[in-house]
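No lab work stands behind these numbers, since they all come straight from the coordinates. Here the structure is a predicted model, which is why all the values come from computation and not from measurement. Reconstructed Cβ throughout: ideal geometry from the backbone, glycine too, with neighbour counts over all protein chains shown.
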Amino acid sequence: MTTAGTMLGQAEPVLPEPRRRRTKNVADDDTRKINWWVTALIAVCSLTILVPLYLAVVVALKTPAQLAAGTGFEWPNPVSWGNFAEAWERTSFPQALMNTAIITVGSVVFTLLTSSVVAYGIARNIHRPFFKGVFFYLLAALFIPFPIIMLPLVKQTSLLGLDNQAGMIVLYTIYGLSLNIFIYTAYIRSIPIELEEAARVDGASTWRVFRQIIFPLLTPMNATVGILTCVWAWNDFIMPLVVLTDPGARTLPLAQYVFQGQFNTDYTVAFASYLMAMAPLLVVYIFSQRWVISGVTRGSIK
């Protein structure tokens, strides 16, 4: 017993402490390394966004005389805050904002519900010829330009009474189906089917499996599809232009078209309206970025 204790006591110093410290220091050194080439590339790419944003702010705060006198980069002195008030009145901003918000929110909600359900059905039955054909049929729709189907679309929406906000929500949901199915299907197929089989053993139906197991795991893809749909519906110009017939239902891009004259353009007031239209999306991003990042993180750990 004493001999075994002595041998164990002698065997304790076998693990060298300097090696542990050296490994830890190497790891610390690796985390402190900075890739200056990548950092410089990120800085240059950020300028491609910051410079146009700076120009938009500067032009929105200038008078037409100040804009014509300089190169466009000078900070205005004095600042013309009246451009925002004029843009508010000329575009009927509250009404246009409400119309755009209704269409955008409705499109995002219906897109997440319908696209995820359809993609789940296709992903779990992709081995069947019918579902595989439906999948490739939807993908083929990505290669059809919108101007080709624009005139038939105007005629059909008029006949069906969908030349209003409800029709815009239906159209955004349908036309976004192809890309959304492609995004959702690839992600759903990466989810282990054993999770569903365990739930079915416990007596869960297909709808309950999707609602309680699959849909919560789609948080990263829901964030991606939701952002793409939100930006598309908020900024789209051509579809509301050809579909909406009621002037009171016009969206922000249509309301901003009043600044485009036949012979000139009121740039200062137009840029003020652009900044006002961009502000809600920035607020949405500020409040949702943590949710989006956490969803993507959970998706990478899954």
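Details
- Hydrodynamic radius by Kirkwood, which averages 1/r over all alpha carbon pairs of region 93-259, in angstrom: 17.4
- Extension gain, LEU228-LEU41: 0.36 nm per intervening residue step, less the Cα-Cα distance, totals 64.8 nm.
- With a Förster radius of 45 Å applied to the C-beta separation of LEU195 and PHE287, the computed FRET efficiency comes to 0.90.
- Multiplying the residue separation of LEU53 and LEU142 by 0.36 nm and subtracting their alpha-carbon distance yields 28.9 nm.
- Rounded to 0.05, the FRET efficiency of the TRP88 and LEU113 pair, given R0 = 35 Å and the Cβ-Cβ distance, is 0.50.
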